[in-house]
Amino acid sequence: MSNKNLTIELRARLDKNKQTFFVGKLVAPVLIDCREGAVFLIYTSESGAEEMQIAIMDKKEDDSSF
């Protein structure tokens, strides 16, 4: 884990309609402060290597057009 991003491993599950969703768990003495924004990155392109990253929003790049 880098000192800039928190990485949480995700596990694939199937819902009742056979659609894939992902579950991640974290137990740690941490607090995510979203007052100035947070970025949630989801990587699912490689089976078995799914992950979600949560990072502080970079104030230099304000791309709120998505």
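Using the Cα centre of region 6-56 as the reference point, and only Cβ charges (+1 on K/R, -1 on D/E), how large is the resulting charge dipole? Debye, rounded to the nearest 20.
Here the size comes out at about 300 debye.
Using the scaling law 2.2 N^0.38 Å as the reference, what is the normalised Cα Rg of region 6-56?
1.31
Quick note: the coordinates plus some simple rules give every number you see, no bench work behind them. Bear in mind the structure is a predicted one, so any value in this text is a computation, not a measurement. For neighbour counting, all protein chains shown are included, and Cβ atoms are generated from backbone atoms with ideal geometry for every residue, glycine included.
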